[in-house]
Amino acid sequence: MSSKPSSRPIFKFRRRSPALLLLLLLFWSLMISIGLARAIEPPQRPGAIDPVPPQSQLALGRDLYLEACAECHLAVPPGVLPTQTWKTLLEDSNHYGQQITPLVDPTRLLVWKYLNLYSRPLSADEPVPYRLAESQPFRALHPRVEFASPVTLNSCATCHPGAKTYNFGTLTPEWENAE
């Protein structure tokens, strides 16, 4: 008896339809993109001004900013002052007439990353403002508001009842539906 190798393949492969493979690839891509979107998109809390991804360097920077600044006064959102103002405030030991100890690295760098990302650059013709009333971003965020002079950090709580807890997204009833 001769042992002749069989010419038939051990496994038979059926040819799959290209449409089925395309459909499976599309489904897989869709599932991956939905998963990534959920992982990247931070959950929104009511009144959040700056959606910071939880457990990130930005969240740590925000928390350190609040810890350092809200200890003495109301912490304002980064968007109300331009980036250049925040940079100067972080580096200067003379803080509005008070001598303070400036933050040191790595705390200063984490706070700077947060403030830099969520603040706005100066306009070309704008001088660096050091008061809220002088800030173009602050005025742009409050187009119809008539402020008493001088504008102070404590006056924020008049319209933003959650300002002491860093919630500037909720407004008092008279401003809630203002056009």
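Read-outs throughout are calculated quantities, based only on the coordinates presented, and are distinct from any laboratory measurement. Keep in mind the model is a prediction, meaning the values are calculated, not measured. Reconstructed Cβ throughout: ideal geometry from the backbone, glycine too, with neighbour counts over all protein chains shown.
Here are a few things to note about the model shown:
- Environment charge at Cys159 (Cβ cut-off 12 Å; Lys +1, Arg +1, Asp -1, Glu -1): -2
- Lys, Arg +1 and Asp, Glu -1 on Cβ, resulting dipole of the range 57-176 about Cα centre, debye, nearest 20: 140
- Once the Cβ-Cβ distance of Trp175 and Leu109 is raised to the sixth power relative to R0 = 41 Å, the FRET efficiency obtained is 0.70.
- When the GluC sites (Glu not before Pro) in the range 72-176 are filtered for DSSP coil states and for at most 15 other beta-carbon atoms within 10 Å of their beta-carbon, the remaining sites are Glu146.
- Low-density loop positions, trypsin sites (Lys or Arg not before Pro), the range 116-172 - DSSP coil, at most 13 other Cβ in 10 Å: Arg131, Arg144
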